[in-house]
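The values are calculated or read from the model by the stated rules, or taken from the named source; none is laboratory data. Since the model is a prediction, treat every value here as computed from it, not as a measurement. Methodologically, a virtual Cβ is constructed for each residue, glycine included, from the backbone with ideal geometry; neighbour enumeration extends over all protein chains shown. Ligands, DNA and RNA are excluded from the accessible area calculation, which covers all protein heavy atoms including side chains. Shrake-Rupley method; radii C 1.70, N 1.55, O 1.52, S 1.80 Å.
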Amino acid sequence: MKLLRRLKSLQARLLALVLTLVTAVWLGAAALTMVEARDELGELLDGHLAQAAALLVMQQAQAHGDDEDGVADAPSLHKYAPKVAFQVYHEGQLTMRSANAGMAPMSGKPRGFSTVRLSDGAQWRVFATRGTEHDVQVFVGEQTETRHDILLAVLRGMLLPLVCTLPLLALLLWWAVRQGLAPLRQLSQVLRQRQPQALEPVVLTDVPSEIKPLVESLNALFERIDAMVASERRFTADAAHELRTPIAAIRAQAQVALGAGTDTAQRDHALQVTLAGCDRATRLVEQLLTLARLETSPHAPSTTPKTTDVTAVARRVAADLAPTALARQQTLELDAHAPCPIAGDEMLVSVLVRNLIDNALRYSPSGARIQVGVAHEAGQTVLRVEDSGPGMTTEEMARLGERFYRVLGNNQPGSGLGWSIARRIAEASGAQVQVGRSDLLGGLSVTVRWRAR
C-alpha cells in the first residue's frame, strides 16, 4: 500500500493494484491446481496398483493346481517396466516376481498401501493384498519418482500456458485501464485549455457514470463562481456610484467653506454639512465592509458552534439607540423578558438587530412609536420590530433587500445596504424574515424567526 501511495499516476496505481491482485489470484489458482492434480494423480496411480494386484491374484487363482518348482520372472515389456515391480507368494514361497523386485517381500504389511525404500535405494509405493485363498500374498510397487515425473508433466502442460499468457494479460490490463481512464485525460485536457475567465459549463461526450458527478460538481462550481463574480462586479459598480454622492457633497461643502470668507455662519454650516457627509460616508463604508465579509464567508455564521441570547442582544442594542430615539422625539419600546437562545454568532445577530431598529427609527417621522419584541413562539425564537410610520407598499416591500435600493420620496440619509446586510445575516444563520404591515401600530412590521436552541 505504501508503494501504491508513492505512485503519482492514477493509471499506474490502478494498474499496479489490478496486476497485484491478478497475480495473487493466479498464483493461488496455480497452487490449488498443483495440489489437486497431485492428489488426483496419487489416487489414480494407487488405483492402478490395486488393479494390477487384483489381476495377479486372478492369474494365480487360475494356475492354482500348477506345482511347478522355482520362481517365474516376468519379462520386461515396456520401457517403464523397471519402475514397476511385483511379487507373488504362495504358502510363504516366492512363486512370481518382476526382474527388479528382489527376493525379499517388498512390504511388511500384508494388506494396504505403504511407502518403502528397497535395496536399490529408490523409494517405492507398494500395495499389498491376499489372494482368493489366504495362502497367496501379492505385492505390487511403483517408484515414487515416476509419480513426480508424471505430476511435473501434467503441471507443465497446465501451467506453461498460464505463464505465457500472464505478460499478455498484463498488457491487456494496461490497455483496458488506459482506455477506462481516457475520460479523465479528456477532462484534464479540457480544463487545461480553458481560459481563466471562462466559466461556461464543461461539455464532454460519452461521460461515464463514475465521472459524471465530478463534471456536474465542476459545472455547479463554475456556475457559483460566475454568479459570485457577476455579483461582485455589480456590487463594485453600485458601491462606486453610491460613494460618489457623499464624496461630491463633502467636496462641495468644503469649497463653500473656503469661499465663505468672513461669513462665519456660512462657514460653520458648510463644515457641519461636511461632517454629516463624512458620517454618511463612514457608515456606508462600514456597511460595505460588513456585506463584503458576509459574501466572502457565507457559511461562517452557520458553522460556528455558538449560542446567542436574542433577548440580551435586543436589550443592548435598544439601549444604544435610545438617545437617537429621544433626539427624534420617538418612543422606543422593548418587550423582551425571557432568555431566547439561538445558534448564531453574537456579533452578526447584533448587526441584524441594530439595522432593523435603526431603519425603523430612521424612516419613521418625529413622534413615532417603535416597538421591539423578543419571545418564544411554537418552538421558535421570534424578533419583531414594528413602527407607526407610513409603512410601505407591496411593490416596495418586494424590493427590500436589493443593494442600494431606497424608497422614493424619502429624504433620510442612507444607502439601502442595511436591508441587504440584515437579509444576508438571516439567511446565513438559518432565520426567516417576513415583512408586512403592523396590525398594532399601522406602520411596517419586520419579523425574524430562528429555530430555538
ask   = For the range 307-321, what are the residues that are farther than 21 Å from residue 429 by Cα and exposed (fewer than 14 other Cβ atoms within 10 Å of the Cβ)?
value = 319, 320
query = Just one of 190, 140 is surrounded by 11 or more Cβ atoms within 10 Å (Cβ to Cβ), outside any helix (DSSP H, G or I) and at pLDDT 75 or above; which is it?
reply = 140
message = Checking residue 197 against (1) outside any loop (DSSP other than H, G, I, E, B); (2) open to solvent by 100 Å² or more (accessible area, probe 1.4 Å); (3) at pLDDT below 80, only one condition comes out false. Which one?
response = (1)
task = Search the range 108-137 for residues being free of Cβ contacts under 8 Å to residues at least 24 places away in the same chain and hydroxyl-bearing (Ser, Thr, Tyr), and hand back the single one that is surrounded by the fewest Cβ atoms within 10 Å (Cβ to Cβ).
result = 119
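Tell me, please, whether a residue that is surrounded by 15 or more Cβ atoms within 10 Å (Cβ to Cβ) and of a type in the set (S, T, N, Q) can be found in the range 358-369.
So far as the range 358-369 goes, yes, one or more of its residues are surrounded by 15 or more Cβ atoms within 10 Å (Cβ to Cβ) and of a type in the set (S, T, N, Q).
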note = Picked from the range 442-453 (must be buried (at least 20 other Cβ atoms within 10 Å of the Cβ) and either in contact with a helix residue (DSSP H, G or I) (Cβ under 6 Å, 6 or more places away or on another chain) or among the hydrophobic types (A, V, I, L, M, F, W, C) (or both)), the residue farthest from residue 376 (Cα to Cα) is 444
ask   = Between a first residue in the range 151-165 that is farther than 18 Å from residue 22 by Cα and a second residue that is open to solvent by less than 80 Å² (accessible area, probe 1.4 Å) and of a type in the set (Val, Ile, Thr), which pairs have beta carbons less than 8 Å apart while being 6 or more apart in sequence or on different chains?
value = 155/33
message = Any residue that is at pLDDT 80 or above and under 19 Å from residue 49 (Cα atoms) - is there at least one of those in the range 147-158?
response = no
request  = Sort through 172, 160 and tell me the only one that's open to solvent by 80 Å² or more (accessible area, probe 1.4 Å) and farther than 25 Å from residue 12 by Cβ.
outcome  = 160
query = In the range 1-98, which strands (runs of 3 or more DSSP E) lie fully inside it and hold 1 or more residues that are at pLDDT below 70?
reply = 72-74
